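Presented below is the structure to which this report refers.
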Amino acid sequence: MQIGQNNYAQKIKDLIQQLDEEKLKNKMLEEKIKTLKFLSDKQEKEINLLKSENNNLKNSINDLNPAPASENQLNQSINIIEMNKLKDIIIQKDKEINELKLKIPNNSVNMNDIIIINFSSTDKKIACGIPCLSENTIAEVEEKFYQRFEEFRNTNNLLLFKGKGILRFKKIKENNIYNGDTIELVQQK
């Protein structure tokens, strides 16, 4: 009976460790988001500064005394060229901001969406739970298993659920596997 309690305690310890690892990953992603937001804000300030400079240039031109017709036309041409340059800079900065927004990861996971799939070997040497999402493929969950039990990576393994083979590249939910279900790992010779 104590062996079962030790396995249970080990499972809880492993799950707590995995939860801590996921919290650390989330914290790192949050830091990355803060950095990208900082860069985005900085570029937005730069754009606003350029817009302000452009308005100041326009006001300065309007404040000047009217020049003779040919000189006035020359000034207007120069002003148009400068405005076009500024518009190009603004467009480029807008593109950079949009690219940065696309790079900000949107992969936060609701803790209620996490499920545990149990793995058991036929010789009963392995009994462990792997946290995952029902949207993960069996292959992704299997890889998490192999990361914890490297010795099984070098063997030819068959995965069974309720005595039937599992389609590895389908999602967990597509294989009708749910939270707490057990996948049996059969080592083939």
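Just so you know, all these numbers are worked out from the coordinates, no wet-lab data involved. In this text the structure is predicted, and so the values were computed from the model without any measurement. Cβ sites come from the backbone with ideal geometry, for glycine too, and all protein chains shown count toward neighbours.
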Open item on the list: Viscosity 0.692 mPa s, temperature 37 °C: give me the Stokes-Einstein translational D for the chain in µm²/s, with Rh taken as the Kirkwood radius over C-alpha pairs.
Closed with: 149
Task: Contact order normalised by residue count of the chain, Cα under 8 Å, 6+ apart, percent - done: 21
Task: Crossing angle, helix 138-148 versus the chain [Cα axis fit, 0-90 degrees, rounded to tens] - done: 70
TODO: Taking H placed 1.01 Å from N in the peptide plane, check which residues at least 5 places from SER134 or on another chain put their amide H under 5 Å from its amide H.
DONE: ILE115
- [ ] With a Förster radius of 41 Å, plug the Cβ-Cβ distance of GLN92 and LYS162 into 1/(1 + (r/R0)^6) and report the FRET value to the nearest 0.05.
- [x] 0.10
- [ ] May I ask for the Kirkwood hydrodynamic radius of segment 77-189, worked out over all distinct Cα pairs and given in angstroms to one decimal?
- [x] 17.5
Task: Rounded to 10°, Cα long-axis angle of helix 69-103 versus longest principal axis of the chain - done: 10
Open item on the list: Run the simple label-point estimate for GLU44 and ARG148 please: 7 Å along Cα→C-beta, distance reported in nm.
Closed with: 4.2
- [ ] Have a look at ILE126, ASN112, LEU36 and report the one farthest towards the positive end of the charge dipole of the chain, computed about the Cα centre with Cβ charges (Lys/Arg +1, Asp/Glu -1).
- [x] ILE126
